[in-house]
Amino acid sequence: MKKISLILFSALAITTTKAQNKFNLLVGTYTNTCQSNGIYVYEFNSATGDFKLKQSSENVVSPSYLSVSADNKFLYAVNENGTQSTVSAFKYDSASGKISVINKNDALGADPCHLINDDKNVIVANYSGGSVVVYKKKADGGITEVQQLIQHEGKGPNEARQEKAHVHMVTFSPDKRFVLVNDLGLDKVFIYKYNPTSKNEILTLKGSVDVKKGSGPRHLTFSKDGRFVYLLQELDGTLTTLSYDKAGSLKIIAETSILAKDFKGGTGAAAIKLSPDGKFLYLTDRVDANTISVYKIQKNGSVELVEQQSTLGKGPRDFAIDPTGNYVLVGHQYTNDIVIFKRNATTGKLTDTGKRIELCSPVGLVFTKI
């Protein structure tokens, strides 16, 4: 009897391990440059790096950034389409990969480029509109019309890119008490107090931090312990380290350039992500660089460059690290593919697997459980 129990336990353990190796990869695309259905769902095996297409949406306009609900049942996307931009809500069946439209509403600002959600609200960054908008969630997972609009005003020294406010990212603090907002046009990171149950004062301004003039803050990520924020600036390739406390205060403590010393050409720093173990930072740079950099995080929060290498494509606007930390998948907006790198968990270094997901203009990648 004991032997039978042991065999059954071993079989269950093997089955569980296999299940834990498989995740869904959701990819948002631009649909105005090549043939795309919008959102694609792949099953990804984090033990082998293999993948297969499960489903795609139908006729969804340029869902360039995606956000999945905590219960894995709903998906939210920005539809980046100039002054006609919207935000969409979908039912999401992770087992089949099926995505079904619930509803969509006006973004009340041009070119939304980032969004987050919790059980009550969906918060969106409008890039060209220079604003933040907040929607309430309905019982069916859909979204209301905009309940709050916060318009940023001003400009920066780069006349071509900072002629006005350009909100590029919205992010919850680890304890969800605050929302941090990066404004590329104003060279500022804003800190808003988050009041999730409020009807139309969901975000109230606490303060802001100025970063280097002309640097253009784009994306940020928190350290695993929540004590540090790593901010990537698009326009000049600066990586800024800030301290963060639970009162919602940010303070710049270090700056470094992600550009190689001998680099000459255009730069457009893009995405920044923390490895699942919290030990490494990964970030991409576009235009002429087309690189991914790896930084090791020291105990005091400082960063040390491990390596920088080609992403093997053009326009690495976003990437995703699978939940086990075994692979890094880089989406290329202009060469229409996702390059799959193997990740060394000890050194943080990346190696090309040779595997590619061919897809029209992939620009937003996120992993979910199946």
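A simple charge model with +1 on the Cβ of Lys and Arg, -1 on the Cβ of Asp and Glu and nothing else charged puts the dipole of the range 223-322 at about 200 debye relative to its Cα centre. Per residue, the convex hull spanned by the Cα atoms of the range 213-291 measures out at 94 cubic angstrom. Accessible surface for the range 198-241, divided over its residues, is 38 Å² per residue with a 1.4 Å probe. When the solvent-accessible area of the range 272-370 is split by element, carbon and sulfur atoms take up 50 percent of it, the probe being 1.4 Å. Over what distance in Å are the Cα centres of the range 322-353 and the range 106-153 separated? Cα centroid of the range 322-353 versus Cα centroid of the range 106-153: 31 Å apart.
Taking a point 7 angstrom from the Cα of Thr144 along the C-beta vector, which residues in the range 54-90 have backbone N less than 13 Å away? Under 13 Å, as judged by backbone N against the label point of Thr144, lies no residue of the range 54-90. Remark on the chain: Cys113 stand apart, with no other cysteine beta carbon under 4.7 Å. Counted residue by residue at 0.36 nm each, then reduced by the alpha carbon distance between them, the extension gain from Asn45 to Ala345 reaches 106.3 nm.
The alpha-carbon atoms of the range 50-149, seen along their principal axes, cover 39, 26, 21 angstrom, with the largest extent given first.
When only alpha carbons of the range 247-314 are considered, Rg and Dmax amount to 13.3, 42 Å. Applied to the range 123-133, the Karplus parametrisation 6.51 cos²θ - 1.76 cosθ + 1.60 on θ = phi - 60° returns per-residue 3J(HN,Hα) values of 10, 10, 9, 9, 5, 5, x, x, 9, 10, 10 Hz, with x for Gly and Pro. Pair-distance distribution of the range 97-163: all C-alpha pairs, bin width 5 Å, starting at 0; shares per bin in whole percent are 4, 16, 23, 22, 15, 9, 6, 4, 2, 0.
Which of rounded, prolate or oblate describes the range 189-234 when judged by the alpha-carbon gyration tensor and an a/c cut-off of 1.5? Oblate. Exposure check, 1.4 Å probe, all protein chains in place: Leu149 carries approximately 80 Å² of accessible surface. Taking the Cα centre of the chain as origin and assigning +1 to Lys and Arg Cβ atoms and -1 to Asp and Glu Cβ atoms, the resulting dipole is close to 1160 debye.
Give the relative contact order (percent, whole number) for the range 20-159; include only Cα pairs under 8 Å separated by 6+ residues.
Values: 366 pairs, mean separation 21.3, N = 140.
It rounds to 15 percent for the range 20-159.
Maximal additional length on extending the Asp225-Asp288 stretch stands at 19.3 nm, based on 0.36 nm per residue less the C-alpha distance.
Per residue, how big is the convex hull around the C-alpha atoms of the chain? Give it to me in cubic angstrom, could you?
Roughly 154 Å³ of hull volume per residue.
Each principal axis of the range 170-320 carries a Cα extent, and these read 49, 32, 26 Å when sorted largest first. When Val211, Val146 are compared by accessible area at a 1.4 angstrom probe, the order from most to least is Val146, Val211.
Qualifying trypsin sites (Lys or Arg not before Pro) in the range 286-322, where qualification requires a DSSP coil assignment and no more than 16 other C-beta atoms within 10 Å, comprise Lys299, Lys314. Beyond 19 Å, how much of the Cα-Cα pair distribution for the range 102-240 remains, as a whole percent? The proportion of pairs with Cα distances above 19 Å equals 48 percent. Dipole of the chain computed with +1 at Lys/Arg Cβ and -1 at Asp/Glu Cβ about the Cα centre; of Asn24, Ala260, Asn37, farthest Cα towards the positive end is Asn24. In units of the rule-of-thumb radius 2.2 N^0.38 Å, the range 212-259 shows an alpha carbon radius of gyration of 1.12. In the range 267-370, inverting the average of 1/r over every pair of distinct C-alpha atoms gives 13.6 Å as the Kirkwood radius.
Computed from backbone phi with θ = phi - 60° and the Karplus coefficients 6.51, -1.76 and 1.60, the 3J(HN,Hα) list for the range 65-74 is 9, 10, 9, 9, 5, 4, 7, 6, 10, 9 Hz; x is used for glycine and proline.
The values are calculated or read from the model by the stated rules, or taken from the named source; none is laboratory data. What you see is a predicted model; the values in this text were computed from it and never measured. So basically every Cβ, Gly included, is an ideal-geometry build from the backbone, and we count neighbours across all protein chains shown. Just the protein is used for accessible areas: all its heavy atoms, side chains included, with ligands, DNA and RNA removed. Shrake-Rupley method; radii C 1.70, N 1.55, O 1.52, S 1.80 Å.
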